[in-house]
Amino acid sequence: MNRWTGWWHELSAFAKFRMYTGLTFQSALVAVIVVMAITVRSPWAAAGVVVVGIAAVLAVESRAEFAVTSRVAGRRWVQAGAVATLAAVWIACAVAARLSGAAAVDTPARLTGIYVVMLIVFSVVSLIERKWWILLALSLATGLAFGTSPAAVVGGAVLTFVAGALVIATTLLTVWGLRVVDELERAKVVEAELQVAEERLRFARDLHDVVGRGFSAIAVKSELAVALSRGGDSGRAATEMDEVRSLAVESMGQMRELVRGYRGIDLTGEVAGARSLLAAVDCRLTVEGDPTAVPARFHEVAAWVVREGTTNIVEHSAAASATLALGAAGMSLHNDHPRGTPGRRSGLRGLAERLAAVGASLDVLSSPDRFGLEIRWEKN
């Protein structure tokens, strides 16, 4: 049971919705086939309905939009075989209805032929291009093949077209819903990537603004020192080189401060960023406690815990909810629907090393349904 639930939890929201849609679509098709087989009231006609019903289900399964499994999805020969079977049974019904003079054969043959057309529209026509023209042609062919009088021909064609149009409209709405969900899923991924790119741009801009000026001054003063040295003014050249050295030391200090600020951004900012990032992937973050409750000397490593834990949730789970608890004795971050195993997450090893360096401990709790990080500020 855990294997099946774990498999379901590993699926993305779009994959779950597509599977649900495929199961619903195919279940409706099977229900229609069962009703058709019962209402034809003829053993041989019911057998024909079952045969074309299986072909129709395979035709739907070969379409990636409604496939429940991946075994036949995308395989053209499956769809071609299904279409050939549907067409062959329809032609057989048309021949039987025209050539047989017995009512016990004519009526089931006509009814089965109409049913086959509906299955063709349901499983094939509604999922291809130029569907409306093909539906019109099928409607006219059905009226001519199974109509016993001019009025019956027209009535059969109109009835087939209207019923087929309803089927196509329903299918188009279903496909539209799948596309909307797919676009939303892609938008969430793009939003998360944009947040990362925005942070990189911010760092690049800060690095340019803070360090670029110092390096420009170093370059200018170095050129001046070279010119003075060549001109024989060694005293001024030495003075300029002393200033170059001071600027280099100052620039290095500014760069270290900038990198330290980038790596060790405050805990409050990390919590806010985690909430925003998880919301972008449809995961609700509940924060218990307050960043101010964490001892000051653990603020930086706590921020790292939040950052690494949030990254793990995004990359290694299909979480719908997560809980972050902050306190004076420690902190924790838990989420549902994990994927993979903790051993594969190299980031956790680095996090454990950072915590050990400040005297804190890390425990990783993992189960098929939950994943959590438990941190204690002081090792027992």
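The values are calculated or read from the model by the stated rules, or taken from the named source; none is laboratory data. The structure displayed is predicted, hence computed values, not measured ones. Virtual Cβ from ideal backbone geometry, glycine too; neighbours counted across all protein chains shown. Surface accessibility is based on the protein's heavy atoms, side chains included, excluding ligands, DNA and RNA. Shrake-Rupley method; radii C 1.70, N 1.55, O 1.52, S 1.80 Å.
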Legend entry - Matching residues in segment 239-267 - criterion: being at pLDDT 70 or above, closer than 27 Å to E300 by Cβ and aliphatic (A, V, I, L, M): V249, M252, M255, L267
Inset, instruction - Evaluate segment 322-329: report whether one residue or more is among the polar types (S, T, N, Q), surrounded by fewer than 20 Cβ atoms within 10 Å (Cβ to Cβ), over 19 Å from G359 (Cα atoms) and at pLDDT below 80. - result: no
Legend entry - Residue count, segment 148-185 (criterion: modelled with pLDDT under 80 and under 20 Å from G22 (Cα atoms)): 5
Inset, instruction - Could you grab the pairs with beta carbons closer than 8 Å, sequence gap of 6+ or different chains, first residue in segment 80-92 and touching a residue at least 40 places away in the same chain (Cβ under 8 Å) and closer than 10 Å to V51 by Cβ, second one assigned to a helix (DSSP H, G or I) and open to solvent by 50 Å² or more (accessible area, probe 1.4 Å)? - result: V89/V51
Inset, instruction - With the condition kept exactly as written, say whether any residue in segment 114-123 is at pLDDT below 85, surrounded by fewer than 17 Cβ atoms within 10 Å (Cβ to Cβ) and not aliphatic (A, V, I, L, M). - result: no
Inset, instruction - Report, by residue number, each residue of segment 124-150 that is surrounded by fewer than 15 Cβ atoms within 10 Å (Cβ to Cβ) and under 43 Å from the mean Cα position of the chain (by Cα). - result: I128, E129, R130, W132, W133, A137
Inset, instruction - Return a yes/no flag: does segment 14-22 have any residue that is at pLDDT 85 or above, open to solvent by less than 50 Å² (accessible area, probe 1.4 Å) and closer than 22 Å to R63 by Cα. - result: no
Inset, instruction - Could you tell me whether A274 is at pLDDT below 90, over 24 Å from the mean Cα position of the chain (by Cα) and surrounded by 21 or more Cβ atoms within 10 Å (Cβ to Cβ)? - result: no
Inset, instruction - Please enumerate the residues belonging to segment 279-333 that are within 18 Å of the chain's Cα centre (by Cα) and charged (D, E, K, R). - result: D282, R284, E315
Inset, instruction - Test E185 against the criterion of being acidic (D, E), at negative phi and surrounded by 13 or more Cβ atoms within 10 Å (Cβ to Cβ), and give yes or no. - result: yes
